[in-house]
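What follows draws every value from the coordinates through simple rules; no lab data is involved. Keep in mind that this is a model prediction, so the values were computed, not measured. Note: ideal-geometry Cβ built from the backbone for every residue, glycine included; neighbour counts use all protein chains shown.
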Amino acid sequence: MKSTYDLSGPEDLAAAADWLLREAGDSKIWCIEGPMGVGKTTLIASVCSRLGVEDAVSSPTYGLVNEYRAGGQTVYHFDLYRLKSIGEALDMGIETYLDSGSLCLIEWPEIIQPLLPLAYLQITLRIFEDRTRQLICEHVC
Amino acid sequence: MPQTTILAIESSCDDTGAAVIRNGRLLSNVVAGQAVHEQYGGVVPELASRAHQENIIPVVEAALNQAGVTLQELDAVACTRGPGLMGALLVGASFAKGLALCLDIPLLGINHMQAHILAHFIDEPKPAFPFLCLTVSGGHTQLVQLNSPSDFILLGQTRDDAAGEAFDKIGKLLGLPYPAGPVLDKLAQNGNPGRFDFPEPQVAGLDFSFSGLKTSVLYFLQAEIKQNPDFVQENLADLCAAVQHRIVQILLHKFKKAVQQTGITRLAIAGGVSANSGLRNGLLQLAESQGWQTFIPAFAYCTDNAGMVAMAAHFRYLAGDFDDQTLLPDPRLALTAT
């Protein structure tokens, strides 16, 4: 079942992050889709902030994965935008991260679709002409 | 004076590199995908740890051969400790540790971000201390004050995208192939940077932000394409010039602010984006108008390379600051950590 959350502007980000964390429940693998520039990294920064991450949350496109600490837990933030094949994802050891039991927030996840566990959280960030945004959240299983 | 010969290995991200430095003079600097590709034939895969495992021995061998140095002549072995991709760093560190152990020579774990800046000491002209360095690449944007080869102060860094990533991703919005930076730079040279104006983000202090620029380009294109589907194609050079101008201005404004704050007027750039013509020309013009000194290393020492790791290792060796077999790679290594 899909649920949605509407954002009128950046001031709604913290509440949207709280909503996502509630919707996610125990789900550790979050796939976050949406067009370039829509605000995926900004959304993740907000989620990390709600989780208590104090490190700077920046885009991991070049390094593929950022690792943050929040209290005793680890959060992995992926950006797989520049990967061209699933082999490259395996080369970077993506399975080790996915199986770690830590929260994995994945931007541009399309290329690793076959490596995802059976159950994961699918999040889509949409942007409308009036520049408002909508989050769509779905438990895939 | 005794000779100091160091082998350095760089494996923080995509490329595997090895270099040999003797008494601070670089004897070889090999990056997989270039010399190895030519010498050994076959396709060298681009990415990460498996590729590093395949590349590391031929790359080290090529670096030693080009330098005319044997393993027995080495006084130390260095590797990149971080920041970078864990799997990639582990390959370089494991290899370096093994080699140091079997040759019974010191081991040096080098900070990749410090090495980018110390690349300025490979060739003349070398900056005098203190100086300011803007390190700009696909993965990093940092403004740093150097008081000595081991005294780094982080003045500012990006809060979201790196400068190189901003070039690549905004280029993608304009329909350019990824990575778009070099293509965007080329197109921008035939464009009018004043035709479109993208806002400069307001970020306090010396930190940078580029994701807002990406979003404002997205908004702008959405609105224009609605009226004219061919808007991007018809205005591509001007759009590229405007984007390049804005990114460069964001970088230079902070550089200028750093000069005002520190009073230091020796300015250096490092990292792959140092190759961007807009940044080079903008920096040179700014410096000339203010009477500041600028330092831009050769391109081979700007992108990820082992030569810069070797240079950093040379300074660490002189300081007698060695690591031991407990050395562990750190994907999140901070600029000021060694």
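Using R₀ = 45 Å, calculate the FRET efficiency as 1/(1 + (r/R₀)^6) where r is the Cβ-Cβ separation of B:THR336 and A:ARG22; round to 0.05. Please report the intermediate quantities before stating the final value.
Values: r = 38 Å, r/R0 = 0.85.
Rounded to the nearest 0.05, the efficiency is 0.70.
State which entries of B:LYS186/B:LYS214; B:LYS172/B:LYS256; A:LYS28/A:LYS84 exceed 27 angstrom in Cα-Cα distance in the structure shown. Spell out each step's value before the answer.
Numbers: B:LYS186/B:LYS214 19 Å; B:LYS172/B:LYS256 29 Å; A:LYS28/A:LYS84 25 Å.
Long pairs (Cα-Cα over 27 Å): B:LYS172/B:LYS256.
Give the average, rounded to an integer, of partner chain Cβ atoms located within 10 angstrom of each Cβ in A:33-42. Intermediate results must be reported in sequence, preceding the final value.
Working: counts 0, 0, 3, 8, 15, 3, 5, 1, 4, 4.
Rounded to a whole number, the mean comes out at 4.
Suppose we keep just the alpha-carbon trace of the stretch B:50-192; what are its Rg and Dmax in angstrom?
Both quantities, over Cα of the stretch B:50-192: 18.9, 60 Å.
Ranked highest first by average number of other Cβ atoms within 10 Å, how do B:163-169, B:317-323, A:5-11 line up?
On the way: B:163-169: 27.6, B:317-323: 14.4, A:5-11: 12.7.
Final packing ranking: B:163-169, B:317-323, A:5-11.
Can you pull the three principal axis extents for the Cα set of the stretch A:2-136, in Å, largest first?
41, 34, 28
How long are the three semi-axes of the equivalent ellipsoid of the stretch B:219-315, in whole Å, if each is the root of 5 times an eigenvalue of the C-alpha gyration tensor, listed from largest down? Walk me through the numbers before you get to the answer.
On the way: eigenvalues 225, 72, 24 Å².
Over the Cα atoms of the stretch B:219-315, the semi-axes work out to 34, 19, 11 Å.
Compute the label zone of B:ARG25 within the stretch B:1-17: residues whose backbone N is under 15 Å from the point 7 Å along Cα-to-Cβ.
B:1-6
Over chain B, with a single point scatterer placed on each C-alpha, what log10 of the ratio I(q)/I(0) does the Debye formula yield at q = 0.07, 0.12, 0.13 1/Å?
Per q value, in the given order, log10 I(q)/I(0) is -0.30, -0.84, -0.97.
So what's the gap between the Cα centers of the stretch B:214-263 and the stretch A:63-125, to the nearest angstrom?
30
For the stretch A:2-136, give the share of DSSP beta bridges that are antiparallel, in percent and rounded to the nearest 5; count only bridges with both residues there. Can you show the working numbers first?
On the way: 14 of 27 bridges.
Around 50 percent of the beta bridges assigned by DSSP in the stretch A:2-136 are antiparallel ones.
Counting only C-alpha contacts under 8 Å and six or more residues apart, can you give the relative contact order of the stretch B:146-278 as a whole percent?
On the way: 159 pairs, mean separation 43.1, N = 133.
RCO, the stretch B:146-278: 32 percent.
What order, most packed first, do the peptides B:224-232, B:251-259, B:121-129, B:76-84 have when packing is the mean number of other Cβ atoms within 10 Å of each residue?
Output ranking for B:224-232, B:251-259, B:121-129, B:76-84: B:76-84, B:251-259, B:121-129, B:224-232.
Give the average, rounded to an integer, of partner chain Cβ atoms located within 10 angstrom of each Cβ in A:49-56.
Working: counts 0, 0, 0, 0, 0, 0, 2, 5.
Per-residue shielding by partner chains comes out at 1.
Rounded to the nearest 5, what % of the DSSP beta bridges within the protein assembly as shown are antiparallel ones?
Values: 45 of 75 bridges.
In the protein assembly as shown, DSSP labels about 60 percent of beta bridges as antiparallel.
Would you mind putting A:18-25, B:150-157 in packing order, based on average other-beta-carbon counts within 10 Å, highest first?
On the way: A:18-25: 14.9, B:150-157: 17.4.
Packing proxy ranking, top to bottom: B:150-157, A:18-25.
Run down the aspartates and glutamates and flag those whose C-alpha is under 13 Å from the C-alpha of A:LYS2, throwing out any fewer than 8 positions away in its chain.
Filter leaves A:GLU23, A:GLU138.
Given the rule -39500 (n - 2.57) for each run of at least 4 DSSP H residues, summed and divided by the residues of chain A, what is its mean residue ellipticity at 222 nm, to the nearest 500 deg cm²/dmol? Don't skip to the answer; put the middle values down first.
Numbers: 4 runs with 35 residues, N = 141.
It comes out at -7000 deg cm²/dmol, rounded to the nearest 500.
Working only with C-alpha atoms, what are the Rg and Dmax values of the stretch B:127-296, expressed in angstrom?
So, for the stretch B:127-296, Rg and Dmax equal 16.3, 56 Å respectively.
Take every Cα-Cα distance within the protein assembly as shown, group them into 20 Å bins from 0 onward, and report for each bin the whole-number percent of pairs it holds.
24, 55, 21, 1
How far, in degrees from 0 to 90, does helix A:40-51 lean away from the longest principal axis of the Cα atoms of chain A, to the nearest 10?
Relative to chain A, helix A:40-51 is tipped by roughly 90 degrees.
Can you give the FRET efficiency for B:SER216 and B:ALA237, using 1/(1 + (r/R0)^6), R0 = 25 Å, r = Cβ-Cβ distance, to the nearest 0.05?
On the way: r = 20 Å, r/R0 = 0.78.
FRET efficiency, B:SER216 to B:ALA237: 0.80.
If you plug each phi of the stretch B:302-311 into the Karplus form 6.51 cos²θ - 1.76 cosθ + 1.60 with θ = phi - 60°, what whole-Hz ³J(HN,Hα) values come out, in order, with x for Gly and Pro?
Taking θ as phi minus 60°, the curve returns 8, 6, 4, 7, 7, x, 5, 5, 5, 4 Hz for the stretch B:302-311.
Taking the Cα atoms only, what angle lies between the long axis of helix A:13-24 and the longest principal axis of chain A, rounded to 10 degrees?
60
Peptide A:90-97: average number of partner chain Cβ atoms within 10 Å per residue?
Numbers: counts 4, 12, 9, 8, 2, 0, 2, 1.
Mean partner-chain Cβ count within 10 Å for A:90-97: 5.
Cα axis of helix B:163-173 to longest principal axis of chain B: angle in degrees, 0 to 90, nearest 10?
For helix B:163-173, the angle is close to 50 degrees.
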